[in-house]
Amino acid sequence: MGAMNQIASLLLGTVFSIGIGLLWIRFLLQLVHADFYNPIAQVVVKITSPVLNPLRQILPKSKNWDIAALVLIVLLQLLSMTLMSIINGHGSLPPLLLVFGALFQLMFLATEFYFWLLIISIVLSWISPGYSPFGALINQLAEPVLAPFRRLLPPLGGLDLSPIVAFLTIQVVQILLRATSGQMLNLMH
């Protein structure tokens, strides 16, 4: 792969990652009923609304799910994978492979997002235990993942071990996703 292909791949990958990341956060904000008065949440809403509002006119509405954001995330992932495959000289991917690849990639990205979100949450609890808009939003997004583990493993003398179990669970899910996607690829070839 030549230098220009590498540069194009880097730039496109970055743009798609940022776009999908912002839409993913927007989707999660509605899913977890986050505080939309939070200044960070307002920035995400302002950035994503111009793209999502036209889709909302077409797609069905849901109280808890931002269907427009979810559809756009999938479409962007499909487009990203197609463009990356073409840039890397592999041509366009077969439709079935593209759809399954995109879904597995998005599920893996979701686990990666939560892995890093939990790390940020833990670090913020150490360095900035007071209120901050960023910390509050991070905690609101992380709570649905940590809550089941907190019920299983209550705090021990002020020490919360639930993130450790959450990290292990995320890694197990990632291993299963890799194995399943590898098996699907072998079946399709």
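The values are calculated or read from the model by the stated rules, or taken from the named source; none is laboratory data. Bear in mind the structure is a predicted one, so any value in this text is a computation, not a measurement. When we count neighbours, we look across all protein chains shown, and the Cβ atoms used for this are built from the backbone with ideal geometry, even at glycine.
List of remarks:
- Flag for residue 67 being closer than 30 Å to residue 135 by Cα, surrounded by fewer than 16 Cβ atoms within 10 Å (Cβ to Cβ) and without any contact (Cβ under 8 Å) to a residue 24 or more places away in the chain: no
- Residue among 80, 85 that alone is among the polar types (S, T, N, Q), more than 23 Å from residue 173 (Cα to Cα) and in contact (Cβ under 8 Å) with a residue 60 or more places away in the chain: 80
- Inter-residue pairs, beta-carbon under 9 Å, first among the aliphatic types (A, V, I, L, M) and in segment 151-172, second surrounded by fewer than 15 Cβ atoms within 10 Å (Cβ to Cβ) and not in a loop (DSSP other than H, G, I, E, B), 6+ apart: 153/164; 165/152; 166/148; 170/112
- Residue ID - nearest to residue 30 (Cα to Cα), chosen from residues in segment 122-146 that are polar (S, T, N, Q) and part of a helix (DSSP H, G or I): 140
- Among (1) closer than 28 Å to residue 19 by Cα; (2) among the small types (Gly, Ala, Ser); (3) surrounded by 13 or more Cβ atoms within 10 Å (Cβ to Cβ), the one test that residue 179 misses: (3)
- Residue 40 fulfils the conditions (1) exposed (fewer than 12 other Cβ atoms within 10 Å of the Cβ); (2) at pLDDT below 95 except for a single criterion, (1).
- So residue 146, is it under 14 Å from the mean Cα position of the chain (by Cα) and surrounded by 15 or more Cβ atoms within 10 Å (Cβ to Cβ): no
- Residue 59 meets each of the listed conditions (1) of a type in the set (A, V, I, L, M); (2) within 20 Å of the chain's Cα centre (by Cα); (3) surrounded by 14 or more Cβ atoms within 10 Å (Cβ to Cβ) apart from (2).
- When 86, 119 are screened for being exposed (fewer than 15 other Cβ atoms within 10 Å of the Cβ), part of a helix (DSSP H, G or I) and in contact with a Ser or Thr (Cβ under 9 Å, 6 or more places away or on another chain), only 86 passes.
- Only one of 117, 106, 75 that is assigned by TED's automatic domain parsing to the domain that holds residue 24, modelled with pLDDT of 90 or more and either closer than 27 Å to residue 177 by Cβ or within 20 Å of the chain's Cα centre (by Cα) (or both): 75
- Count of residues meeting criterion [modelled with pLDDT of 85 or more, hydrophobic (A, V, I, L, M, F, W, C) and surrounded by fewer than 16 Cβ atoms within 10 Å (Cβ to Cβ)] in segment 149-160: 1
- A single member of 169, 111 is of a type in the set (S, T, N, Q), over 20 Å from residue 24 (Cα atoms) and surrounded by 11 or more Cβ atoms within 10 Å (Cβ to Cβ), and it is 169.
- Index of the failed condition, residue 26 passing every other in (1) within 14 Å of the chain's Cα centre (by Cα); (2) basic (Lys, Arg); (3) more than 30 Å from residue 175 (Cβ to Cβ): (3)
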